[in-house]
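The values are calculated or read from the model by the stated rules, or taken from the named source; none is laboratory data. The model shown is predicted, which means the values in this text are computed figures rather than measured ones. Here the Cβ is made from the backbone with ideal geometry for all residues, glycine too, and neighbour counts use every protein chain on show. Calculation scope for accessible area: heavy atoms of the full protein, side chains included, ligands and nucleic acids excluded. Shrake-Rupley method; radii C 1.70, N 1.55, O 1.52, S 1.80 Å.
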Amino acid sequence: MTIKAQIIETNKKPFKKVAIDPITLDIIESALRNARFEMDATVFRTAMSPGIREQHDAFPLIANKDGKMVVGQFGSFIGGFLANYDGTIEEGDVFFTNDPYKVEGAISHANDWLIIVPIFFSGRLVSWSCHFGHMTDNGGKVPGSMPTDATTIFEEGLVTPPTKLYKKGVLQETILEVMLNQVRLPTWNRSDLNAVLAACRVAEKRVKEMCVRFGDEVYVAACQAALDRNKRAVGHLIDKAISESPVSFEDYVDDDGRGYGPYKIKCTMWREGHKVILDWKGTDPQAIGSINFYLNENMLKMFWGIYMIMVFDPQILFNDGFYDLVDVRIPQGTLLKPNFPAALSCRTHALGRIFDTFAALLGQKTPDFLCAAGFSSSPHFMYSGTNSKGEWYQLYQIGFGGIPAKPFGDGPDGHSMWPSFTNVPQEYLEAYFPLRIERHETTPDSGGAGKNRGGNALRVDYCFLEDGEISIHDDRWLTYPWGVNGGTPGKRSEKILYRTDGSIEYHHSKCDNVKVKKGDILAFITWGGGGWGNPIERDAALVSADVRRGLVTPEGAKRYGVVVNADGVVNEEETKRLRADIKSKQPAKMPVFDLGPPLATTLANCEKETHLPAPRPPVFRPSVEHAKAAE
């Protein structure tokens with residue numbers, strides 16, 4: 001990696017190579033992991049916005065002196081920063097950016113405000129702490145700053161290149177005030193930014209304490225040893241689980257919010273020696289709209305590595321150590337590597353589909369490890385306006401849905417795509433926003449049937465207590481969350497607006513500026529996870545329990561070949577007869593994937609099934625236009 005930045009160290013003495021014993025390595029590694037969780041706690045206790053404080057839409061990391069993540073979640077943000085920042089880095093500096101294009105996609109849209117802190121000890125750079133959080137507002141053309149119809153990043157609000165927010169320990173107040181002047185909720189943004197910075201300061205303090213306790217050379221060597229240990233472990237998994245024969249899979253983002261879609265994401269995976277290749281050739285060109293995902297290669301490596309580790313060996317601590325073993329190939333000018341200044345604000349849907357694609361790729365050669373498709377997105381709901389007291393209100397909330405069924409069990413119901421996310425309590429919403437939550441429940445039968453059941457979707461009914469406007473970001477309203485190994489797809493998403501005059505409106509999964517009146521109710525229904533395994537192999541007692549819990553209806557139980565009454569009591573004879581009948585109609589070998597109807601059929605039946613017109617075939621803007629715009 002070429003580094004443009006000039007790192008100023010008052011101590012020019014190079015670090016010695018120090019042997020690290022396993023106990024010291026474990027102590028330092030565990031201390032770093034604890035510091036990472038302390039960063040989380042700091043942010044969640046001091047931020048103001050519900051997106052960060054309540055739902056935890058913020059991500060920390062601690063990196064070694066070269067910028068490689070040792071502990072964290074999203075992979076290092078620092079490589080892209082170092083490769084593009086042309087200036088000095090000194091003790092006491094704190095950097096801010098929210099420009100994805102200036103950090104090579106290390107953050108994926110402008111709402112993510114990133115703080116980077118170089119950590120110096122005795123005049124030498126020993127580590128980095130970083131943290132980003134999703135701001136409820138970033139300025140721009142719509143409240144929430146994620147316009148579904150944007151065609152360039154310039155419509156998405158404030159975009160700041162890597163900038164010194166603190167210079168040698170001194171806050172650059174003018175820069176901060178200019179930033180906050182661009183947003184609708186400056187108090188929230190100031191608080192959230194301070195929370196993110198405070199978290200980085202906590203990590204800085206803990207790293208320096210380790211340097212005092214063990215010595216800075218031991219700390220630096222331990223970080224490298226943790227990376228090396230991860231590389232050996234993941235290398236073993238690659239040799240064991242990844243075939244030299246290529247496997248491919250493709251999935252879709254349903255639409256772009258402008259009436260076009262679906263957009264294909266395709267990946268082919270194979271192994272060459274000890275290295276895995278992830279080739280995204282065949283992915284559609286970049287969209288005119290804002291569903292593009294400027295995918296940082298290191299971030300993709302981390303996503304892939306996390307999935308590998310969680311499927312095959314969850315005891316491995318994931319970090320950046322294994323990156324040399326993964327070769328990511330993303331064609332320029334595609335949905336996953338758009339040319340500047342392509343809009344990026346609605347990128348979460350492509351991100352989610354990448355996770356589904358990984359599941360399909362890793363399981364094709366080892367079906368026993370194959371997971372279904374599921375709630376692979378972070379749908380957003382936004383509600384804003386001026387209340388009867390003349391005060392501005394603005395809500396950004398992340399929705400939950402059905403997690404896919406797994407080889408070892410059912411998918412959780414109404415859960416988050418990200419393990420660290422939590423729900424915003426209804427009491428909080430009703431206390432701070434002009435809302436009343438009429439329903440908050442999982443949707444029966446929305447999870448795909450299987451030996452292991454897909455998680456059910458979540459339905460939240462928002463009753464608006466003030467006139468305002470809403471924005472909706474979601475997906476899987478057209479294509480299906482597929483099932484595997486005989487499991488069936490999950491149910492698709494819906495957004496239904498019930499007006500006070502009795503009319504009913506079905507809304508697309510991506511829309512802005514929807515006017516609502518006091519008393520209107522929005523049913524925000526996400527999608528279910530796909531099922532795993534033959535449904536008639538599911539224990540009838542589990543189906544009975546699902547019926548009693550309201551997760552499966554008596555009619556839905558028949559998908560499993562189980563006949564129950566309204567109380568969930570199984571009719572043994574009828575169940576035996578129904579399962580025999582279903583078995584007689586099944587193929588000798590169940591399909592590995594059940595994607596639902598062919599895409600052409602889905603499009604033909606779209607309006608009848610969803611009450612919405614089918615999207616038009618995508619129109620791709622030649623990438624040269626973006627290149628000229630960049631000039």
Flagged as over-length at 19 Å C-alpha distance, from Lys4/Lys164; Lys164/Lys337; Lys240/Lys365; Lys495/Lys517; Lys4/Lys65, the pairs are Lys164/Lys337
A correct Stokes-Einstein calculation for the chain, using the alpha-carbon Kirkwood radius, 20 °C and 1.002 mPa s, returns a whole-number D in µm² s⁻¹ of 84 µm²/s
Pairs over 27 Å Cα to Cα, from Lys205/Lys275; Lys102/Lys281; Lys17/Lys102; Lys17/Lys68, come to Lys205/Lys275; Lys17/Lys102
Ordering 435-442, 212-219, 157-164, 287-294 by per-residue average of other C-beta atoms within 10 angstrom, highest first, gives 287-294, 157-164, 212-219, 435-442
CD proxy, 222 nm, the chain: helix-only mean residue ellipticity via -39,500 (n - 2.57) per DSSP H run with n ≥ 4, per residue, nearest 500, stands at -9000 deg cm²/dmol
On the accessible surface of the chain, probed at 1.4 Å with all protein chains in place, carbon and sulfur together account for a percent value of 52 percent
Any chymotrypsin sites (Phe, Trp or Tyr not before Pro) in segment 401-475 that lie in a DSSP loop and have at most 12 other Cβ atoms within 10 Å would be Phe408
Largest-first semi-axes in Å of the equivalent ellipsoid built from the Cα gyration tensor of segment 380-524 are 31, 16, 12
With the 8 Å Cα cutoff and a minimum separation of six or more residues, segment 35-82 has a relative contact order in percent of 26 percent
Under a 1.4 Å probe, counting only protein heavy atoms, Val328 has an accessible area in Å², nearest 10, of 20 Å²
Note: Asn194 to Gln332 extended length (0.36 nm per residue) minus current alpha-carbon separation gives 46.1 nm
For segment 110-215, averaging the sequence separation of alpha carbon pairs under 8 Å that lie six or more residues apart and dividing by its residue count, the contact order in percent is 30 percent
The ³J(HN,Hα) series, computed from each phi in segment 195-207 with the Karplus coefficients 6.51, -1.76 and 1.60 at θ = phi - 60°, rounded to the nearest Hz and given as x for glycine or proline, is 5, 4, 5, 4, 4, 5, 5, 4, 4, 4, 4, 5, 5
Ordering 390-401, 136-147 by per-residue average of other C-beta atoms within 10 angstrom, highest first, gives 136-147, 390-401
Put Lys208, Lys451 in order of accessible area, largest first, probe 1.4 Å, and you get Lys451, Lys208
Scoring the chain by relative contact order with C-alpha pairs under 8 Å, at least six apart, yields a percentage of 12 percent
For the chain, the per residue accessible area (1.4 Å probe, Å²) is 38 Å²
Per the 1/(1 + (r/R0)^6) rule, R0 = 25 Å and r from the Cβ atoms of Leu542 and Phe421, FRET efficiency to 0.05 is 0.40
Restricting to aspartates and glutamates and to Cα separations under 15 Å from Lys518, and discarding same-chain partners fewer than 8 apart, the set is Glu430, Glu438, Asp461, Glu466, Asp467, Glu469, Asp501
Given 37 °C, 0.692 mPa s and a Kirkwood radius over Cα pairs, the Stokes-Einstein diffusion coefficient of segment 119-273 in µm²/s is 160 µm²/s
Expressed in angstrom and rounded, the centroid-to-centroid distance over alpha carbons for segment 279-332 and segment 379-428 is 25 Å
